[in-house]
Each structure stands twice: as structure tokens, then as C-alpha cells.
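A.B. asks: I have a structure here, written as C-alpha cells, and I will follow up with some questions on it.
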Amino acid sequence: MTKFLQLNLQLREILKMYDQEYLDFVLVPSGLVILVIYHVWLVFAIIRRPLKTVVGLNAVIRHQWVHHMMKDPGKNGVLAIQTIRNNLMAATLLATIAITLSSLISAIVSSSSNLIFTIHTTKYLSVLICFLVAFFCNVQTIRYFAHVSFLINVRPSCDELGREEFIEYVSQQLNRGSLFWSLGLRAFYFSFPLLLWIFGAITMLACSCLLVILLYFLDTATSSPSYLHSCKVNNDTNNTDIESTCHSMGNGESGDSSLHRPLL
């Protein structure tokens, strides 16, 4: 009788273990697929209707900000450098947090006596990858912002057309840095459901669904400033690059502008 009870308990533990692995193999990929589908939709939304997304809207505003700052570098130079410095400090803080958490997770995994590749180690490895990606993206943000801090106060000694091309180049570098900033934040967001995966596949799936709902409200712009839809830049010459950019994006079309090319 005692042996029968022991065998019954062992069978229950084995079935419980298989049920947990079954949930990991089914619910965890489902949560990842939900996150991937949402971000694929977000990329297409940024391309086709940029002013309906926060990423595209901020790209247009940063473009106008660079144009305004570089109109008079002597007057706006200090303000521009202070703004970029604040963003540099924020990116440095996130990069420090990411590499610190990566080192902590690596120490926890390496301190374990058994380093066999199991689902438990996969959980820690996936979170570690997210933090390493966040560190890499924030380092690239620092790189681009530091580069822009030198360029934004340069007064190009060339004609008006060359000056507009130089301003466009500076705005592209700033938008690339902001893109890596957004990707670094996305890596932090992805780490939330993966961290909850440690407590079970059901919590991971629930966190993925909740995260997608929250990100939808954070990524979509219900309304955009009206001046962006009829953006006019008062220049002495009749250049139309910025005006056509604002008109095409204000109509919700992708256009052929080079403004949001570095975003994707």
C-alpha cells in the first residue's frame, strides 16, 4: 500500500511537470506572437500614417526643432546643447541600468551549480538578451546625440541649397538617435513579460496582452497639432522640401520624403 501511494505521488509530479512544460510551449510563443504582430502593425502605421503615431509625430517635430535651432546658432546654440545634454543623460542612465541588470542576471545564472540548458535557464537568457539589446540601443543613442551636439552649432559656409541639405542631415542624425532610444525602451518593455515568465506561462501571456493594450495607447496619437497639417517654413528662397514633407505627412501618406526613412 505504501509503495502504491509513493508511485501515485510520483506519477502526479510527472504529470504536473509535463503540464507545466506544455503551457510553456504553447502560451509563451502565443504571447511572443502577440507582441510581434503588434509591432509589425506599428511599423506599417509609422510608414503609412506617421502623424497618427507618436513616433512619426515626434520625428516631424524634431525635424522642425532642428531647422529652428540652426536658423540662428548664435542665439539658440545654448538651448540646443542643453536639450541634447538632457537626452544624453537619460540615455546614459538607461544604458547603465541595462548593463547593471545584465551583469546581475549573468552572475545569478553562472553561480548556479548546474548550467544545463533547460526552460529555467532559457527564461533568464531571454531576459538577459533584452537587457543587452537595450544597452546596445542606448549606447547608439548616446553616439548619435553626441554627434548632433557638434553639428547643430555649425554654420555651413555654402549656398542656401547646401545649407538646407546640411540641416536635413542633422535632423536625420537626431531622428536616428531617437529611433535607437525607442528601440531601447521596447527592449525594456519586452523584458516585463519575460520576467513574469519565471512565475509561469499564464502570467507571461497575461502580461503580453496587457502590455500590447498599454502600448497601443502610448504609441497612437489621437490628434496632432493643427500647424503640422499646414506646415509652412518662411525662408528667403523658394525651397519646398520641408513644406512638401509636412503636407504629405499631414495627409497621412507616406510620400517620398527622406524625413522618416531613418526611422525604420
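A.B. asks: Since residue 191 meets every condition but one in (1) hydroxyl-bearing (Ser, Thr, Tyr); (2) without any contact (Cβ under 8 Å) to a residue 40 or more places away in the chain; (3) farther than 23 Å from residue 64 by Cβ, which condition does it not meet?
C.D. replies: (2)
A.B. asks: Select from the range 56-104 the residues that are over 28 Å from residue 188 (Cα atoms) and charged (D, E, K, R) and write down the one among them that is surrounded by the most Cβ atoms within 10 Å (Cβ to Cβ).
C.D. replies: Among those residues, the one meeting the criterion is 71.
A.B. asks: Restricting to the range 151-162, and then to whatever is in a helix (DSSP H, G or I) and modelled with pLDDT under 80, can you tell me which residue is farthest from the chain's Cα centre (by Cα)?
C.D. replies: The selected residue is 160.
The values are calculated or read from the model by the stated rules, or taken from the named source; none is laboratory data. Everything quoted here is computed from the prediction, not taken from an experiment. Cβ coordinates were reconstructed from backbone atoms using ideal geometry, including for glycine residues, and neighbour counts include every protein chain displayed.
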